[in-house]
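Structure first, commentary second.
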Amino acid sequence: MPRPSRSTAIIEVGLALLRTRPYLELTLDDVAEAAGVTRGLLLYYFRTRENFFIEVARHYVRDSITNFGPGPSKPGEPEWLENEVEHFLQMMQRDYLLTQAITVEMAGLEGQREVIDEMNNFTAARVCTYFGITPEHELLMGVLRAWGRACVDLALRGLKAPFVTEAQLKDIMLAHVHAVVGVVLDASRQTSGNIVHT
């Protein structure tokens, strides 16, 4: 296996730190110390603290996309969607602070929106395939991107709530996606019949 570049190794240190400490408490000095490099070298690679953490977020999202596994083998496979939501909740549980940093605390940083959009587009396209619809159905893609954002928000709130279990969060997410997709598909059929099946 090839050795990661020095900048990639530093990004991985940033990921490890964000899994254990809030973004707002981390400094470049903390990262440099943990990575065994100077602050100057960190700035040479990433220019600013914000650029560094956006690169960390981008790396995390791309790695997460790679690790999600295959999409549905055929439309309507109930186990696939249930497994997808379970995998998502496990990822959120493991990477709670990291996800909170990327989705909430980094809001407004240049590049943050694109990082989040990359994950939401990935999720929406996979779930579109699950429902047997091509991603060209723009309204459905928009609804599924919004569902993805809602799932992140629900997980960030629900995983720390003492009265909600992970199984209940999964049920809420599954019921939500089926309900909103059902409404969009019914509306599309009634108005124009422009649903494009895969």
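Reported count of residues in the stretch 12-49, each being among the acidic types (Asp, Glu) and without any contact (Cβ under 8 Å) to a residue 12 or more places away in the chain, is 3.
For the stretch 46-55, which residues satisfy the criterion of being of a type in the set (S, T, N, Q) and either loosely packed, with under 15 Cβ neighbours inside 10 Å or touching a Pro at 6+ places or on another chain (Cβ under 7 Å) (or both)?
THR48
Considering the conditions (1) without any contact (Cβ under 8 Å) to a residue 24 or more places away in the chain; (2) within 22 Å of the chain's Cα centre (by Cα), PHE52 is excluded by exactly one of them, (1).
A count restricted to the stretch 150-184 and to residues that are in a helix (DSSP H, G or I) and farther than 20 Å from TRP80 by Cα stands at 7.
Residues of the stretch 126-151 being among the β-branched types (Val, Ile, Thr), surrounded by fewer than 21 Cβ atoms within 10 Å (Cβ to Cβ) and in contact with a helix residue (DSSP H, G or I) (Cβ under 6 Å, 6 or more places away or on another chain), which ones? Answer for the stretch 126-151, where residues must be among the β-branched types (Val, Ile, Thr), surrounded by fewer than 21 Cβ atoms within 10 Å (Cβ to Cβ) and in contact with a helix residue (DSSP H, G or I) (Cβ under 6 Å, 6 or more places away or on another chain): just VAL143.
Residue pairs whose Cβ atoms lie under 6 Å apart, sitting 6 or more positions apart in sequence or on different chains, and linking a residue in the stretch 64-79 that is in contact (Cβ under 8 Å) with a residue 12 or more places away in the chain to a partner that is surrounded by 10 or more Cβ atoms within 10 Å (Cβ to Cβ) and not polar (S, T, N, Q), are ILE65/PHE122; GLY71/ARG126; PRO72/TRP80; PRO72/TYR130; PRO75/GLY132.
Residues in the stretch 56-103 that are more than 18 Å from ALA161 (Cα to Cα) and either open to solvent by 50 Å² or more (accessible area, probe 1.4 Å) or basic (Lys, Arg) (or both): 15 in all.
Filtered by the rule that a residue be assigned to a helix (DSSP H, G or I) and open to solvent by 80 Å² or more (accessible area, probe 1.4 Å), the stretch 10-45 gives GLU12, LEU24, GLU25, ASP29, GLU33, ARG39, TYR44, TYR45.
The values are calculated or read from the model by the stated rules, or taken from the named source; none is laboratory data. Note that the structure is a prediction, hence the values are computed from the model and not measured. Every residue, glycine among them, receives a Cβ derived from its backbone with ideal geometry; neighbour counts consider all protein chains shown. Protein only, heavy atoms only, side chains kept; ligands, DNA and RNA dropped before computing areas. Shrake-Rupley method; radii C 1.70, N 1.55, O 1.52, S 1.80 Å.
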